[in-house]
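To keep things clear, I will list the structure first and then write my remarks on it.
The values are calculated or read from the model by the stated rules, or taken from the named source; none is laboratory data. Just so it is clear, the structure is predicted and the values come from calculations on it, not from any experiment. Glycine also receives a Cβ, built like all others from the backbone with ideal geometry; neighbour counts cover every protein chain displayed. Side chains are part of the model used for accessible areas, which takes the heavy atoms of the whole protein and leaves out ligands, DNA and RNA. Shrake-Rupley method; radii C 1.70, N 1.55, O 1.52, S 1.80 Å.
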Amino acid sequence: MSLIESSNNHTRRLRRRGGRMHLGEDILLARHGSNISSLRLDRRANRMVATLHDGTIDCASNSLLPVHPSPLARIGQQIQAVREDKASVSRAEIRTLVKFSAIWLAISVLFTAGVIALALTTGSSEALNSAAFYPAY
């Protein structure tokens with residue numbers, strides 16, 4: 001704890017003790033101020049726990065953002081879920097999607113090659129230029 005209780009003339013006052021102030025402590029002091037009777041650090045949950053004079057308990061986290069796994073770890077978990085067939089998308093559905101994507105890619109390549117071949121056979125450099133760089137093709 002970074003705050004301790006001391007009694008002076010039958011009044012309770014919270015006094016700073018040396019050391020760093022946790023974020024949760026700052027949040028709790030902003031919420032409750034002099035209504036806090038004691039503070040303690042919950043190291044396991046990484047939060048501050050305040051006991052108020054009326055006996056209620058309030059908690060505040062010591063971190064601004066929750067710790068999430070990295071994107072690479074999350075992708076690894078998703079791949080592992082697909083391998084174990086626990087994902088929301090089954091392996092059979094993924095295979096079907098890959099097959100349709102490969103067929104679509106092959107048709108697109110054939111169509112693009114056909115348009116460029118047609119532009120080459122016409123002999124016009126303008127047709128070749130528009131076939132290669134016009135976004136409608």
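Calculate, in nm to one decimal, what Ile116 and His32 gain on full extension: separation in residues at 0.36 nm each, minus their alpha carbon distance.
Working it through step by step, the gained length comes to 22.9 nm.
May I ask you to work out the translational diffusion coefficient for the range 73-118 at 20 °C, viscosity 1.002 mPa s, via Stokes-Einstein with Rh from the Kirkwood sum over Cα pairs, reported in whole µm²/s?
169 µm²/s
In Å, what is the Rg of the alpha-carbon atoms in the range 29-93, and how long is Dmax?
20.8, 62
Could you pull the accessible area for His32 with a 1.4 Å probe, rounded to 10 Å²?
Per-residue accessible area (His32): approximately 50 Å².
Once amide H atoms are placed 1.01 Å from N in the peptide plane, what residues at a sequence separation of 5 or more from Ser38, or on another chain, have their amide H within under 5 Å of its amide H?
Thr51
Let me check I've understood the local charge: for Arg91, count other residues with C-beta under 13 angstrom from its C-beta, Lys and Arg +1, Asp and Glu -1. What total comes out?
So the environment of Arg91 carries a net charge of +1.
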